[in-house]
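Since the structure comes first, as structure tokens, the remarks are kept for the end.
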Amino acid sequence: MALFFYRQFPLLVFMGIWALCIGLYSLGLFNIRPVSMQTWILLYSGIAAVAGGYILMSVYLIDSRLDLFKKAEVNTPALVLNEKRLANLVLFLFFMSCTGAVICLTQIAGMVGGVEKYVSSPLEVRNTITGIQQNPLVAPPLAYRLGNYMMSVGFVGSILGGILITGTTWKKYMGLLPLVAALIPAILYFSRYVFVNSITFWWLAFLFTSFFYRRERTKKLLIRLFVTSVAVLAFTLSFSYFIFSARNAMWGDFQDAFFETLYVYFAGNIAAFDVFLFEDTALYYGQQTFRTIITWLARLNIWNPGSVHSVHQPFVVISSTQAINTYTFVQTFYGDFGITGTLFLSGLWGAGTRYAVYKYMQKFSFIRLGFVLVMSFSLIMSFYGFYLSNLTTIVFWLVVLYLSDYISGKDVLYSIQ
């Protein structure tokens, strides 16, 4: 049962998140616009293609005698962490991330007119940061970029922290430091997105690392993970409420608005995709799916700069009170390549995720775990958009993970017995 859970977890969570989104939309709350039959067909086709690709890859692995029930993926090796050295690495990444946050703070404060203005005008701060991201061909100040990359290291720290928290000594609690580091940019940017990403990577690292322990210890870790999940969910909702209230402090009563925004966050993307279908017909031919690659090619004058897409999509109205700029993963594929591309890329995405899980279960390493986490997280965020469009950032994380493993040397941070 445990082997089935680990093998199928990305698919199960993918189907679960979509059941939640479709279920919430079906409740018909807050007068979200009705969705056309064409939208539902495309949406269900994309979901089915991802699930089909995942299942077909599982069937292929079984036929190739690489199934979880074969020796290659049986949960027999035991992971042994060098908690002292791993904790030191997590601490180093924590300080690097915090230093990057301070650098970004000074840069943004200068843009909005000083620290006092920064604190008193959270919405202006948020708009300033969004403006920086809006035109990817115009590079922000060098100091800001350096600080941003240093903060991005915090995501790697979240992965290593999730590994460390599975330890047995008191040093395992050092694995919580990356979550503190994730809070800093989230508060500085008045955005829950950074924190939610970090805590989800931390949670997934905890989950998949537990596979490489002896069976009894794995069961105990999964129980601890369940308890932790309840606490994490409660804290995430509380933190989201704090960020929402900070960004909308001028509203007298924003409690109802918070719950409406939370509902729209999950259910409104379907309606936004429907708006896209009836307002935009020209194909982008990869400009969304491979957005960061095209951005770099344009910076090198190899690609037409006019075809570069912004990080943020334009807002579309989905109800009398709400506008949203996230359209689900199907919009990315369909907007680029039409229905054929949607089916093909969705199936490839699902199959690639299953293969990443298989390779990880063969042998533990930071880089293999990193691939599994990125692919799993992209499926979780599929209701929001196509996460793998942020390719350059993902490659940066994987490179840092690989270097952490490679530079440390064999059996320095962990060993398999």
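The values are calculated or read from the model by the stated rules, or taken from the named source; none is laboratory data. What you see is a predicted model; the values in this text were computed from it and never measured. Using ideal geometry, Cβ is built from the backbone for each residue, glycine included, and neighbour counts are taken over all protein chains shown. Side chains included, ligands, DNA and RNA excluded: accessible areas come from the protein's heavy atoms. Shrake-Rupley method; radii C 1.70, N 1.55, O 1.52, S 1.80 Å.
Side notes on the structure shown:
- Amide H contacts of Y414 (H built 1.01 Å from N, in plane; Pro and chain starts excluded): N82 sit under 5 Å, all sequence-distant by 5 or more or on other chains.
- Per-residue surface analysis assigns S120 an accessible area of about 80 Å², computed on protein heavy atoms at 1.4 Å probe radius.
- Candidates L146, L183, L388: whichever shows maximal mean-square fluctuation once the chain is modelled as a Gaussian network with Cα springs under 10 Å: L146
- Taking θ as phi - 60° and the Karplus parameters 6.51, -1.76 and 1.60, the scalar couplings of the stretch 259-273 work out to 5, 5, 5, 5, 5, 5, 4, 9, 9, x, 5, 5, 5, 5, 5 Hz in sequence order, x denoting glycine and proline.
- Most mobile listed residue (A257, A351, A282) in the chain, GNM with C-alpha springs under 10 Å: A282
- 17 Å reach of a label modelled at I293, 7 Å along Cα-to-Cβ, counting backbone N of the stretch 378-396: 386-396
- Nearest-20 debye value, the stretch 107-226 charge dipole, Cβ charges on Lys, Arg, Asp, Glu: 740 debye
- Overall, the accessible surface of the chain at a probe of 1.4 angstrom is composed of carbon and sulfur to the extent of 68 percent.
- Centre separation in Å (Cα based) which lies between the stretch 92-124 and the stretch 343-396: 31 Å
- C-alpha center-to-center spacing [the stretch 144-196, the stretch 292-312] in angstrom: 30 Å
- Once the mean of 1/r is taken over each pair of separate Cα atoms and inverted, the chain shows a Kirkwood hydrodynamic radius of 22.6 Å.
- Simple spin-label estimate for L20 and L3 gives 3.0 nm between the two label positions (7 Å along the Cα-to-Cβ direction from each Cα).
- Rolling a 1.4 angstrom probe over the protein heavy atoms with all chains in place gives the stretch 267-317 an accessible area of 53 Å² per residue.
- Among S238, S378, S389, the largest mean-square fluctuation in a Gaussian network model of the chain (Cα springs under 10 Å) belongs to S238.
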